[in-house]
Amino acid sequence: MKNKKLITFDMNKKPVRQRIYLTPLTWLLSFPSVIKHRLKINKVNMEGLKKPYILLCTHHSFMDFKVTTKATFPSRLNYVVAIDGFIKREWLLRNAGGICKRKFTNDTRLIKHMKYILNEKKGIVAIYPEARYSLIGTNAILPESLGKLIKLFKHPVVVLNMHGDYLMQPVWNLDKRNVKLAADMTQIIKKEEIETLSVEQINARINQAFRYDEYQYQFDNQIKIDFKNRLKGISRVLYQCPHCLKEHVMASDKNELWCEACGEKYVQDIYGQIKNTKGNSIFTHLPDWYEFQREQVRKQIEDGTYYFEDEVSVESLPNSKGYVDLGIMKLVHNNEGFCLYKKDGSFELKKEVLSMYGLHIEYNYMNKGDCLDLSTLENTYYIYPLNYKNVVTKLHFAVEELYKIHKSEIK
């Protein structure tokens, strides 16, 4: 008998429209939360829009799904959902309209399933193309393939750009804050425009509609967040000191972020701005610090000094039954991509640079520590560095910058 945990997830199984009897459940799970946070939805260019259409959503926190449910009420949706969302609840997710996807893989089966929902079931397909929660409240890189998909499907495109979801529950500290929510729901491409627009023009429209900066939104709207632990955990994201330039030496607690090497400290006010306690502020806006780190990683790549190697604990997720412990391995990341080695030195997994435009990472995932995940079409590996502190954000920068560099070299 085969071990059920080693049987791979059936990606070929045809999706279903969200079952009518489950739709009220989605409302019940969503509406109390969005009412509590006083959600307001601004609809633009939506008059006369009829199903089917493609809904592209920004991705900040779990609250996004509830906001999306309210924004599209009373319609039923089919969501593209990562495989970890199906763990121990595959029946529920499939019948709620979930279409399974392994992150940062090119899977033609997903295209087939979305086309089926749009063309045959005349439904709405909701996609979160950033493929992870925002790390610092700004928009992430989007796949260039989006424009090609829109051209292929030939259906209207709507963008749901949410505001406040990240501020309410940032991915690096899941304690909830009392923040008012808003969202802009905009039809950015009409059906009749698709034939005349190029893939590049479609991608440009999508990228423009996806722009957001949660901290700028907070400051501009003077949104007061006096939660005492509002910076606790952000050192997982902001890992490099801009003063002494040392990496993985940052610590955070309450509303403070400081360097354990040189002692420089920043505090955050109730409107999201930061300042240096000695008056020597290099940054006042958290996303600027984040982008500074990206620039530092880019420099390391360009001067040939970027390299990562560590012992890692590895689990795989072949299906929705749960994780399979693969033990301790070695992970290497360099200019050629990722290599995951078994103890005997043989390859467990190899991911070349151009196979990934981005990297999915998690902070303290399942209380096991920070991790990154790498996927093939049949399996997903959850990889936990054992010796490096606060390193997964740097790996995510490296993946994106290496992709950009290698992509530019072949154009």
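Figures for the structure shown
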| read-out | value |
| --- | --- |
| Candidates Ile54, Ile41, Ile83 - the one that is modelled with pLDDT of 95 or more, among the aliphatic types (A, V, I, L, M), more than 17 Å from Val179 (Cα to Cα) and surrounded by 14 or more Cβ atoms within 10 Å (Cβ to Cβ) | Ile54 |
| Selected residue [of a type in the set (D, E, K, R) and surrounded by 21 or more Cβ atoms within 10 Å (Cβ to Cβ)] from Lys101, Lys154 | Lys101 |
| Residue among Asp64, Asp107 that is touching a residue at least 60 places away in the same chain (Cβ under 8 Å) and farther than 21 Å from Leu317 by Cα | Asp64 |
| The stretch 356-374 - residue that is of a type in the set (A, V, I, L, M, F, W, C) and either part of a loop (DSSP other than H, G, I, E, B) or out of contact with any His (no Cβ under 8 Å at 6 or more places or on another chain) (or both) and, of those, farthest from Ile410 (Cα to Cα) | Met366 |
| Qualifying residue in the stretch 389-398 (condition: outside any helix (DSSP H, G or I) and under 28 Å from Ile7 (Cβ atoms)) | no |
| Every residue from the stretch 200-225 that is more than 20 Å from the chain's Cα centre (by Cα) and either within 25 Å of Cys259 (Cβ to Cβ) or at pLDDT below 95 (or both) | Gln218, Phe219, Ile225 |
| Helices (runs of 4 or more DSSP H) contained entirely in the stretch 87-198, each with at least 1 residues that are closer than 22 Å to Asp10 by Cα | 90-95, 108-115 |
| Verdict on Glu130 being among the acidic types (Asp, Glu) and more than 11 Å from the chain's Cα centre (by Cα) | no |
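The values are calculated or read from the model by the stated rules, or taken from the named source; none is laboratory data. Since we're looking at a predicted model, the values are computed, not measured. FYI the Cβ positions are ideal-geometry reconstructions off the backbone, even for glycines, and counts take in every protein chain you see.
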